[in-house]
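Contents: one structure, followed by commentary.
The values are calculated or read from the model by the stated rules, or taken from the named source; none is laboratory data. Here the structure is a predicted model, which means the values were calculated and not measured. Positions of Cβ are backbone-derived with ideal geometry, glycine not excepted, and every protein chain shown enters the neighbour counts. Just the protein is used for accessible areas: all its heavy atoms, side chains included, with ligands, DNA and RNA removed. Shrake-Rupley method; radii C 1.70, N 1.55, O 1.52, S 1.80 Å.
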Amino acid sequence: MLQIRPEQMEVFSRQREERYIDTLVEYIHTTFPEVAWQKSDKQIRSLVRVILDEAEGFDLTTEYTIGRFLIYRLLIGEELYTDPDWKPILDILGNDYLHEDDKVEQIDTLVFGGPVRPEELEYE
């Protein structure tokens, strides 16, 4: 029987994450050109990594919920953390009793007036 060693799993995991980052960088280029025009690909990748780390801190773990968080961060920017008007979003993100899907549904309702269906998104 074939066995995959832990170090091999780590390599597979890193490769998958890099492909996901590539997808998000391309998404930023096509959907947020105002962000892409201001930054090099290296800077965009760095921004995506920061946003991925932030998403992890809010227990967002699926590609869908991480992608939604990326959109919020690109639309709102650093004001998400500094402007009191955005505190309700941080309260939702920080609510440990909400499932991550419920978090993004509530935030979508605040920001867009209702939940956004996954099929409406282009990054998946």
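Structural remarks
- Here Gly67 qualifies as in contact with a Leu (Cβ under 7 Å, 6 or more places away or on another chain) and surrounded by 12 or more Cβ atoms within 10 Å (Cβ to Cβ).
- Scanning the stretch 27-45 for residues that are at pLDDT 90 or above and farther than 16 Å from Phe69 by Cα yields His29, Thr30, Pro33, Glu34, Ala36, Trp37, Lys39, Ser40, Asp41, Lys42, Gln43.
One line per residue, one yes/no per condition, for (1) more than 19 Å from Phe112 (Cβ to Cβ); (2) open to solvent by 40 Å² or more (accessible area, probe 1.4 Å):
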| site | (1), (2) |
| --- | --- |
| Tyr20 | yes, no |
| Ile28 | no, no |
| Ala36 | yes, no |
| Asp41 | yes, yes |
| Arg49 | yes, yes |
| Gly57 | yes, yes |
| Arg73 | no, no |
| Glu78 | yes, yes |
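- Just one residue in the set Asp83, Asp91, Asp102 is surrounded by fewer than 18 Cβ atoms within 10 Å (Cβ to Cβ), under 28 Å from Ser13 (Cα atoms) and out of contact with any Gly (no Cβ under 6 Å at 6 or more places or on another chain); that residue is Asp102.
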